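In what follows, a structure is listed as structure tokens, so that the remarks can point back to it.
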Amino acid sequence: MPEKATVPFDLLVKQTFDAMTNMGLLLVSQGESGKPNAMAIGWGLIGSVWSQPVFTVLVRPSRHTHKLLQENGDFTVNVMPATMGAAVEFCGTASGREHDKFAEVKLTAVPGLEAKTPIIRESLIAYECRTVMANDVLPKRLDIAIRGSAYAAGDFHRIYYGKILAVRAERAMIPS
């Protein structure tokens, strides 16, 4: 597998957004046990907050990932190749409480440059992030249509604002 190159945080935003809306991304967290866990995400934002590059991700408190993010504020967001759609789907439907998702779908955890949480070797793009703030979605302030469609069960997300520490990409992804 070729080594990834460091790129500016905003260079591959369109490719990241396209992958997020079409297949989903893999959010990797790692708690005190040191065992990484991958969760598929379809919602997130990349931008600038507090004059810092930030990747925001939404995680429901009922998810295993939430517990891991509370233990270790670092996380990575990984854009996977389209050929790994089944792996992304599995990571979005199976719980890390009962499954070693990395082993079951043959993902390889490798150290990143800055975050304590690993990136996925097979990813095309990997964002390394450190939580700088987290807050909960407030039901009373949320548009009623969104509340009804996205939160019928009442399991509201926590929003994690991750300062982007490094972005790594396969060289084939980098525009010439």
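Table for the structure above
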read-out: For GLY112, distant residues with modelled amide H under 5 Å away; value: ILE119
read-out: Backbone HN-Hα couplings from phi across region 157-169 [Karplus 6.51/-1.76/1.60, Hz, Gly and Pro as x]; value: 6, 9, 9, 9, 9, x, 5, 6, 8, 7, 10, 10, 9
read-out: Tail beyond 19 Å, pair distance distribution of region 73-168 (Cα, percent); value: 56 percent
read-out: Region 127-176 and region 1-68: distance between their alpha carbon centers, rounded to Å; value: 8 Å
read-out: Alpha carbon convex hull of region 137-176, projected area averaged over orientations, nm²; value: 5.4 nm²
read-out: Pairs from LYS14/LYS101; LYS35/LYS67; LYS116/LYS163; LYS4/LYS67 whose Cα-Cα separation, in the structure shown, is over 22 Å; value: LYS14/LYS101; LYS4/LYS67
read-out: Fluctuation leader among ALA38, ALA134, ALA153 - the chain, Gaussian network, Cα springs under 10 angstrom; value: ALA153
read-out: log10 of Debye I(q)/I(0), alpha-carbon scatterers only, for the chain at 0.08, 0.13, 0.15 Å⁻¹; value: -0.22, -0.61, -0.81
read-out: Estimated FRET transfer efficiency (ALA5, GLN52; beta-carbon r; R0 30 Å; 0.05); value: 0.85
read-out: Amide N proximity, region 80-114 versus ASN22 label position 7 Å along Cα-to-Cβ, cut-off under 20 Å; value: 80-92
read-out: Per-residue ³J(HN,Hα) for region 39-55, Karplus 6.51 cos²θ - 1.76 cosθ + 1.60, θ = phi - 60°, Hz, x for Gly and Pro; value: 10, 6, 10, x, 10, x, 9, 10, x, 10, 9, 6, 6, 10, x, 9, 10
read-out: Stokes-Einstein translational diffusion, region 79-119 - Kirkwood Rh over all Cα pairs, 1.306 mPa s, 10 °C, in µm²/s; value: 140 µm²/s
read-out: Percentage relative contact order, region 5-169, counting C-alpha pairs under 8 Å, at least six apart; value: 29 percent
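Quick note: the coordinates plus some simple rules give every number you see, no bench work behind them. Keep in mind that this is a model prediction, so the values were computed, not measured. When we count neighbours, we look across all protein chains shown, and the Cβ atoms used for this are built from the backbone with ideal geometry, even at glycine.
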